[in-house]
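Below you'll find the structure, written out as structure tokens, and then a few comments.
Derivation of every value follows stated rules applied to the coordinates shown; laboratory data play no part. Since the structure is predicted, the reported quantities are computational estimates derived from the model, not experimental observations. Cβ: placed from backbone, ideal geometry, glycine included. Neighbour counts: every protein chain shown.
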Amino acid sequence: MNVVTIKSIDHLIELMERKSEFKFDPVFRGQGRDYPLIPSLFRLSEKMLASSWEHLEADLLNEFKRDSYPHLECIPSSEVEWVILAQHHGLPTRCLDWTSSLAVALYFAVEDLDEENDGFIYRYKPQCIFYEDVPKLSELFEVDPDVVVYPKRTFTRITGQRACVSMHALPE
């Protein structure tokens, strides 16, 4: 991973706009601290067994579904959409939030900064992207382990953040 210190907005834009040899445009992630790029579900406990991840994920998602129905603008049409919606409302999932907007990533990198810390912006160049034709969650990782999903723009929060997520297989 290349690390570059950004001194100005112009410098940031210049770096991020460099053309790449990859077939997809990069996505961005802004963080106020230098945390590892590990989905929140996998940060819960490093000592869990592989079979435990699936049960934990299913239990959390089922509870989220039960509690969220009265508050939804529309009902997600697939398990992947449920996981992405849950991620955007703080549930620990196997997703990492990204955005197609450098400005949105910059916002998240600096929103809670103090004088002691730097913000971080990551640029990721996915090899496989799904839009609305996402396979089932169980089949997603058979396609390619390097997957970014752009969810349907059916929820205000996802639309406003120009959100996409990297999906990660359960640890083994």
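Points to keep in mind about this one:
- Sparse-neighbour loop sites [chymotrypsin sites (Phe, Trp or Tyr not before Pro); the stretch 98-132; at most 16 other C-beta within 10 Å; DSSP]: TYR131
- Counting lysine pairs in the stretch 28-167 whose alpha carbons fall under 24 angstrom apart, excluding pairs fewer than 8 residues apart on the same chain, gives 5.
- Neighbour-count order for THR154, THR93, fewest beta carbons within 10 angstrom listed first: THR154, THR93
- Unit charges on C-beta of K, R, D, E only; dipole of the stretch 28-167, Debye: 280 debye
- Those trypsin sites (Lys or Arg not before Pro) in the stretch 22-129 that DSSP places in a loop and that have at most 10 other beta carbons within 10 Å: LYS23, LYS47
- Quick note on the stretch 28-167: its Rg to Rh ratio, both from C-alpha atoms and Rh being the Kirkwood radius, is 0.96.
- Stretch gain in nm, segment THR159-VAL110, where the contour uses 0.36 nm per residue and the Cα spacing is subtracted: 15.6 nm
- The GluC sites (Glu not before Pro) of the stretch 37-128 meeting both criteria, a DSSP state outside H, G, I, E and B (loop) and at most 14 other C-beta atoms within 10 angstrom of the site's C-beta, are GLU46, GLU73, GLU111, GLU115, GLU116.
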